[in-house]
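Working notes, beginning with the structure itself.
Coordinate-derived values only; no laboratory data. Only a predicted model underlies this, so the values are computations on that prediction, with no experimental measurement involved. All Cβ positions, even for glycine, are placed from backbone atoms using ideal geometry, and neighbour counts span all protein chains on display.
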Amino acid sequence: MEQDKTGRSKMLRLLLLFLIPGIIILTMVFEIQTNIEEKRANTDAEGIIEFMKEQCARYEKAYIQTGAESEFSIESIFNGYKIEREGIVVLSDGKRVISSNDSSMLGEMVAEDPYIKAFDSHPKSDALVRMAENGKIYYGKSAKCDPYYIYVFLPEREIFVERGMVMSYVAVFYLAAWFVLIFVHQRLVKKQLANSEYQNSIIDAISRIYVTNYVVDLKLDTFEIIRAPEQISQIACHFKGARQITDAITQYCIGKDYQAGMRETTNLDTLPERLRGKEFLNYTFQDTVGVWHMLTALPKRVMANGEIETVIFVVQNIDEQKRRELEYQNQILETAEEARRANAAKTEFLRRMSHDIRTPINGIIGMLNIGDYYPEDMEKQKECREKIRDAAMFLFELVNDVLDMSKMESSEIELEQIPFDLRDILREVSTLIEVQAVERGIVFDYKPEEGQHWNLIGSPLHLRQILLNIAGNSVKYNRVNGNLKLFCREVSSSKEYAMFEFTCADTGKGMSEEFQQHMFEPFSQEENGARTNLGGTGLGLSIVKKLVEKMNGEIDVVSEEGRGTTFTVNIPLKIDTEAEAKEQQTEQEEQERSIAGTRILLVEDNELNMEIAEFLLENENAVITKAWNGKEAVDIFQKEPEGSFDVILMDIMMPVMDGLTATRTIRAMHRIDAKTIPIIAMTANAFNEDRKRSCDAGMNGHLAKPLNIQEVINTIAECIQR
């Protein structure tokens, strides 16, 4: 109904807008054209009257000259004369019509003619006189020519010949102009509508970004909603005035922790001053359900003096963005905290390492001084050598632990897949642990193995490392006269694999619940104070944990402070089904292996290492030729005839020319033995990357320092056989 009324109202306004100017224009044209044609007719009537006056004058002149009637009579005054307009011309002597171009009026009495009588009721005028009688309308004009009276009557249709046509033209032109105007107007309206729709689409698109849009008139205290949730719309209905509404929105829609800030931001009394010279003001807050939003206040209407009258408030949902930002900030804080902890741990590690390295070095130097003080006391010399060996082994294990942890962190550690007898590993570990336990006054109990699959395939070196680390900790942190139990049992098996459980239980100090939460973290130790005996690095359990996981096993720890600790490790190992045949072949090969008489080019830049290696090799009856750097080794090999050496033991890091370059140089020589002679790396670099670089340079094997003579013999024998 409202739409129909609005439509009718628009139509009525449009009709009035069309008719009123048209009527006014046509009326004006009508009046103008009437005046023009009346003047033209009046001129024509005056012309006729002048003609009639001339004719009357001719008649009078002729009458006077002849004194009698002549051929030229007053009645024949119109003979041969034709007026341009249709009309009636009457010549009267005052009583009757004596001459007329309308023969029916001749002799008619003037008093009886209504048109002639009409002149009597009109004042004399220079303009035409309008007369209407019996539906006929004439415009007349009269004049006196003594003794006659002349009357000219022109019909209305003869006077206004062009008025209708002009009115038609004007009406057509007006209609055409109106239609053109309407057409242009419609085009403008369509353009404005299209522009309005485009602007509305932009506004709508922008408003979609904002969950709430409203305009506040600061002077009138009005609140106009453009877009808002239902809750805000209801608040706007129940409260009056922009100040009450904004305060109610803050009270019912904003989280309590942000209401004070919101009231300060939306304070309409101070807002103009706070917005002066600024494009906008922002405030970030949470609503009552914890969703993050951002309110923006923008000046909409600013007066010439800079006074702000109207402000637009828009509210955008930034929950996802804000939560990502907070999450990122938390991650940065966590990363910074982790870095701080890591730096603190490394600093503490270096402090402990400094202590732990200096302690055995101090012991070694001290034992050397004591040995020098008792040069003739062989018993004292033996005691000093044993203590020096213990300190040196501790340093060696310390370096190994650090290297192993570094390899673990870089994922460079590789497990072997070689045959071994698990009983040999267990006996070796138990023997070493028993010696340590006896020295500490600890009762060591090793139970015989339980199971049927002992010949296995895996990484015996790393399995030995796991067991020694766990059992070594049990000795180190046990109490005097404490107990230590170590045993192994096969808990299950399949056709290819057997699951073994290794248990190490002690009655030592135990671990606190707090330390148990991070006991597998690198560098962590429960006792962080200075130690007077040879302690650990805090890497043992970390290495154990990573090795067990790499071997697809599990480790479980039960500990109580002051009562002791029990470690349980479960590891699956592959069963070696060809163990007996391999065992016989290995025993035969070991019996045959010897380097006696082997001609070795020994390349080493360090005098002490050269002396040790020379002693070990000559003790096995090998023939040694020494070179002190890679360049010297290349020159010696090139100078000697082919077949002079059976093997080359090459250090890697040397002055003048390093071992890798020397190896590549030898392999590039144009002689047969340069391509075939075994070259074995002999270095302190023990990483897999170092082994790969040695292999890429053309080396056949890799020996890590300190040298194990049996490993040296086996490696040389294998390379020579190949």
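Need the full-extension length gain, residue 479 to residue 176, defined as separation in residues times 0.36 nm minus the C-alpha distance. One decimal, nm.
97.2 nm
When only C-alpha pairs under 8 Å and at least 6 residues apart count, what is the relative contact order of the range 414-581, in percent?
Numbers: 314 pairs, mean separation 43.2, N = 168.
Once normalised by length, the contact order is 26 percent.
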Obtain the nm distance between the two label points defined at residue 497 and residue 369 by a simple spin-label model: each point lies 7 Å from its Cα along the Cα-to-C-beta direction.
5.6 nm
Using the beta-carbon distance between residue 239 and residue 301 and R0 = 41 Å, what value does 1/(1 + (r/R0)^6) give for FRET efficiency, to the nearest 0.05?
0.95
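Multiply the residue gap between residue 396 and residue 168 by 0.36 nm, knock off their C-alpha separation, and tell me the result in nm, one decimal place. Show your work: numbers first, answer last.
Details: separation 228, 0.36 × 228 = 82.08 nm, distance 12.34 nm.
Difference between extended and current length: 69.7 nm.
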State, to one decimal in nm, how far the label point of residue 656 lies from the label point of residue 560, with both points 7 Å from Cα in the Cβ direction.
6.8 nm
Could you calculate the FRET efficiency of residue 552 with residue 577 from 1/(1 + (r/R0)^6), where r is the beta carbon distance between them and R0 is 25 Å, rounded to 0.05?
0.80
Amide H partners (placed H, <5 Å) of residue 497, local residues excluded:
575
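State to the nearest 20 debye the size of the charge dipole of the range 129-279 about its Cα centre, where the only charges are +1 on K and R beta carbons and -1 on D and E beta carbons. If you can, show how the numbers build up before the last one.
On the way: 19 positive and 17 negative charges, 84 e Å.
It works out to roughly 400 debye.
With charges only on Cβ, +1 for K and R and -1 for D and E, what is the dipole size of the range 414-581 about its Cα centre, in debye, rounded to 20? The partial results should precede the final answer.
Working: 17 positive and 27 negative charges, 85 e Å.
Dipole magnitude for the range 414-581 comes out near 400 debye.
Applying 1/(1 + (r/R0)^6) with R0 = 25 Å to the Cβ-Cβ distance of residue 668 and residue 615, what FRET efficiency is obtained, to the nearest 0.05? Each step should come with its number before you reach the end.
On the way: r = 33 Å, r/R0 = 1.31.
With R0 = 25 Å, the Cβ-Cβ based efficiency is 0.15.
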How large is the Kirkwood hydrodynamic radius of the range 593-721, in angstrom, based on all distinct alpha carbon pairs?
14.3 Å
Between the modelled labels at residue 289 and residue 12 (7 Å from Cα along Cα→Cβ) the distance in nm is 4.9 nm
I need two numbers for the range 414-581: Rg to one decimal and Dmax as a whole number, Cα atoms only, in Å.
16.2, 54
Using 0.36 nm per residue, how much length does the chain from residue 32 to residue 450 gain when fully extended, once their Cα-Cα distance is taken away?
136.9 nm
Taking a point 7 angstrom from the Cα of residue 185 along the C-beta vector, which residues in the range 13-29 have backbone N less than 19 Å away?
13-26
